[in-house]
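**Student:** Structure below; questions to follow.
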Amino acid sequence: MEKGAEAAEALNVTEIFYNRVADHIRNQPDAARSHAFDKQRMDELIQALDGWDDLDAQERSRRNKEIGNNRAYKMCKKFCVLDIAGERALVDLVHPPGNGPPVPPPISDAVKVCCIEDWFTCIKEVHDACGHIKSRTLEKKMQDKYTRVPRWALELYVDLCPVCVSALPRKVNTAGSQPIVTKGFQRRGQIDLIQSMPDGDYKFLLNYQDHNIWSKFGLISIK
């Protein structure tokens, strides 16, 4: 496949993926929708939580009011902002042993929040790197790098992946009717009447096949 055709196919798969994602989210209850972050929501949280631990109470209050619904105070207990590969990223806090409060993880162990707009790219990255694994295994691998990507989105991607689709087993089409095999002579048979060139008074050929395990064919000329 040429590069132009590959790019067109990838663009088509991406479009279909996000159309199906939009349909799925549209039919979800509000509680399920809130689990997924779109880019606007994630950027708001990054702006609000960036350097949160170093802020005084007044600045925290100001940022919290900017995004509304006390989201900054709620989300600071779940997420923090770290510099990963030169970008400010929203990552999960980790729970230390014991009952201590969650803390920022080491950069090497950081699990980034993946917004909806980045789902396709992030899923493709892990899926391709791991050899086109199925959705359940893919979910475990994704959890090592990204969060807020639901399993149904992984299943949508795997169903659309050209490599995975081409590897699916396909039923082999067999021409003609297949006999129902039975045990016992003359319990079930198949008769085909074939019109042939006349041979005196005989104008047809009768083909009979017995459907027992020792099936045999026979041709008989009939009038």
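**Student:** Which pairs have Cβ atoms under 8 Å, sit 6 or more apart or on different chains, and link a residue in the range 76-105 that is more than 16 Å from residue 147 (Cα to Cα) to one that is basic (Lys, Arg)?
**Tutor:** Qualifying pairs under 8 Å: 101/77; 102/77; 102/78.
**Student:** For the range 131-144, state whether one or more residues are part of a loop (DSSP other than H, G, I, E, B), closer than 28 Å to residue 85 by Cβ and among the polar types (S, T, N, Q). Outline the logic, then answer.
**Tutor:** Of all residues in the range 131-144, those part of a loop (DSSP other than H, G, I, E, B) come to 131-134, 143-144.
Add one more test, that the residue is closer than 28 Å to residue 85 by Cβ, and what stays is 131-133, 143-144.
Add one more test, that the residue is among the polar types (S, T, N, Q), and what stays is 143.
There is at least one residue in the range 131-144 that is part of a loop (DSSP other than H, G, I, E, B), closer than 28 Å to residue 85 by Cβ and among the polar types (S, T, N, Q).
**Student:** Moving to a separate point now. Looking at the range 111-119, can you tell me whether even one residue there is in contact with a Gly (Cβ under 9 Å, 6 or more places away or on another chain), surrounded by 17 or more Cβ atoms within 10 Å (Cβ to Cβ) and either small (Gly, Ala, Ser) or not in a helix (DSSP H, G or I) (or both)?
**Tutor:** Looking through the range 111-119, none of the residues is in contact with a Gly (Cβ under 9 Å, 6 or more places away or on another chain), surrounded by 17 or more Cβ atoms within 10 Å (Cβ to Cβ) and either small (Gly, Ala, Ser) or not in a helix (DSSP H, G or I) (or both).
**Student:** Moving on. What number of residues in the range 27-75 are surrounded by 11 or more Cβ atoms within 10 Å (Cβ to Cβ), part of a loop (DSSP other than H, G, I, E, B) and either without any contact (Cβ under 8 Å) to a residue 12 or more places away in the chain or not assigned by TED's automatic domain parsing to the domain that holds residue 119 (or both)?
**Tutor:** So the answer is 2.
**Student:** Contact list please: Cβ distance under 8 Å, first residue in the range 117-136 and in contact (Cβ under 8 Å) with a residue 60 or more places away in the chain, second residue charged (D, E, K, R), pairs at least six apart or on different chains.
**Tutor:** Hits for this filter: 117/38; 117/39; 118/39.
The values are calculated or read from the model by the stated rules, or taken from the named source; none is laboratory data. Everything numeric here is computed off the predicted structure, so don't read it as measured data. Cβ sites come from the backbone with ideal geometry, for glycine too, and all protein chains shown count toward neighbours.
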